[in-house]
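Only one structure is covered here, and it is reproduced in the block below.
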Amino acid sequence: MEKEYWPSRVSFIFAAIGSAIGLGNVWRFPYICYKYGGGAFLIPFLVALFTAGIPLMILEMGIGHKMSASAPTAFAGTGRRKEWLGWLAVGVGFMIVTYYGVIMSWCVNYLGFSFNLSWGTDAQGFFHNEFLNRSTNFKDVFCISPKILLGLAISWTLIILCIWKGAKTVGKVVYLTVPLPWICLVIFVIRGVSLPGAEAGIAYYLTPNFEALKDSAVWLAAYTQVFFSLSVGFGVMIAYASFLPRRSDIVNNAFIVSLANCGTSFLGGFAVFGTLGYYANQTGVEVTEVLGSAQAVGFGLAFIAYPSIIGTLGKAAVFFGVVFFIMLLTLAIDSAFSLVEAVAAGFMDKYNANRLKVNFSVGIVGFILAIIFTTRAGYYWLDIVDHFMNSFGLAIVGLLECIVIGYFYGTKVLRDYVNSKSEFAIGRWWDVMIMFVTPIVLAISVALEIKERIFASYEGYPRWAEFTAGWAIVIALPVIAILLMRSKGRSTA
Amino acid sequence: MLTSILLKLPASAIALGIVTGVILYGGIVVCLVIAKKREP
């Protein structure tokens, strides 16, 4: 099979940025920032970026480029019986894309709702009761929402079309899907900071509480935020870097992608805090009350708070509604197709499989698995899978990547390689980050999460549901990864 | 508009915002300047 390459360096950088920048940049970062010391959080955030985020980005891009292969084959090249780690990485990414497709479906539906502001004056009731038709029973998994299912089908169709011919198609699509959300975000920043009461929100965003820096939880939150938002740990950057020609730069590209991702989060904070400040002003409540509520983060921010605020913008409401959901959709789509591409590349490399067949197979399996999330109890199942994949899946993959490269393959070997290709070199500090700093932080993060889950189930959900959608998947993924490693592929034939 | 927001922010908030912006966006500019014009 002919090796795929990016049409240009810009295509690669855009694709990697598009993969890294996702919904979390807009709906998670500002909330975490507020929760952990406001402006003071930016200090551990930047420290974490340079001591864990960028080193891991260099590791993934370096290994993908050196081995010129997707995650499973690349890790197979690092040593005996290491291939399963690559399968585990793409497996975690695949589980994430199953529910990411459903969130895209919500965005597709809300894009349609924006034209007549269907949520009216009760965005919360509309989202939970009318749109999701949310049940209180976890076992309510047979009543599928036709609207969400249709949106899911549209989302998967878009994902498959975007990776139709691999790097060649992705390289063109990202010229639309990366700048477009940035333009939308800038529109929202300008609108957000110009609304009455915005300054109160922004003051909460940037005013530092330096006392928070003494709290280890703040530092841990900064490291996990950087790690989760960079799209490392899914095998995406490994697959994307494998499509780079031999003489391509690694280190500079890794810096550009990581800085652009965090720069987008920082910018997104102004849009979110400005708008929430306005919301507090309009509803006559304290900014802290709005910022501390469930509506300031995640689904609440995107599908309840923002629609409510958009509804108050008079004649421009429809415009801002459409722009907002186009922004969310384009933020999500390049992250989603990068995850699918990482899985597809894994199968193509190992089994020499036909791209179209692999794309369709991954798409169909992903679509079928996601159907449960379109049901009346889907919200809960999605929430559990999301939490477990982020808290355990990603952190464990990142930890194992550091151990494999740091203690088995050798950081010097990889560092010498990336330095031989790059526009500027990395020093021994990188070895220290990969061998000690990043794995220690990730190990602590996993240990604390295990401890928390032992004492209480996630969000107080039933233990059986937590086990089914959380622990069972966390346990099953390494088993599947080992089975895939042991299966006979092109390279092991 | 921007001035009225800045006036209501404490100096430490403005300083942190500027430093963060310079590191993130300035860093991107420096990387782009370093990047040679060559095919990937």
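Rule-based calculations on the coordinates, nothing more; no lab input. None of the values given here were measured: they were computed from a predicted structure. As a convention, Cβ positions derive from the backbone with ideal geometry for all residues, glycine included, and neighbour counts pool all protein chains shown.
Here's the list of aspartates and glutamates a cross-link from A:Lys147 could span, going by alpha-carbon distance under 17 Å and ignoring same-chain residues fewer than 8 apart: A:Glu130. Working note: Karplus 6.51/-1.76/1.60 with θ = phi - 60° gives region A:30-47 the couplings x, 5, 4, 4, 4, 5, 10, x, x, x, 4, 5, 4, 5, x, 5, 5, 4 Hz, where Gly and Pro are set to x. What do you get for chymotrypsin sites (Phe, Trp or Tyr not before Pro) in region A:409-455 restricted to DSSP loop and a cutoff of at most 15 other Cβ within 10 Å of the site's Cβ? When the chymotrypsin sites (Phe, Trp or Tyr not before Pro) of region A:409-455 are filtered for loop state and at most 15 Cβ neighbours within 10 Å, A:Phe424 remain.
Helix A:411-421 axis versus longest C-alpha principal axis of chain A: approximately 80°, rounded to the nearest ten. Excluding same-chain neighbours fewer than eight residues apart, the aspartates and glutamates reachable from A:Lys139 by a Cα-Cα span under 14 Å are A:Glu466. From the cross-link list A:Lys172/A:Lys315; A:Lys66/A:Lys165; A:Lys412/A:Lys451; A:Lys168/A:Lys357; A:Lys35/A:Lys412, which pairs have alpha carbons spaced over 27 Å apart? From A:Lys172/A:Lys315; A:Lys66/A:Lys165; A:Lys412/A:Lys451; A:Lys168/A:Lys357; A:Lys35/A:Lys412, over 27 Å: A:Lys172/A:Lys315; A:Lys412/A:Lys451; A:Lys35/A:Lys412. Shape annotation for region A:309-406: C-alpha extents along the principal axes are 55, 33, 30 Å, from largest to smallest.
So which chymotrypsin sites (Phe, Trp or Tyr not before Pro) in region A:343-403 are both in a DSSP loop and have at most 14 other Cβ atoms within 10 Å of their Cβ? Counting only loop positions with at most 14 other Cβ atoms within 10 Å, none of the chymotrypsin sites (Phe, Trp or Tyr not before Pro) in region A:343-403 qualifies.
For chain A, the Cα gyration tensor yields ellipsoid semi-axes of 34, 26, 22 Å (square root of five times each eigenvalue, largest first, whole Å). With the convex hull of its Cα atoms as the shape, region A:79-193 has an orientation-averaged projected area of 11.9 nm².
Where in region A:372-468 are there trypsin sites (Lys or Arg not before Pro) that are in a DSSP coil and have at most 16 other Cβ atoms within 10 angstrom of their Cβ?
Numbers: sites: A:Arg376, A:Lys412, A:Arg415, A:Lys421, A:Arg428, A:Lys451, A:Arg453, A:Arg463; in loops: A:Arg376, A:Arg428.
For trypsin sites (Lys or Arg not before Pro) across region A:372-468 that sit outside H, G, I, E and B with at most 16 neighbouring Cβ atoms in 10 Å, the list reads A:Arg428.
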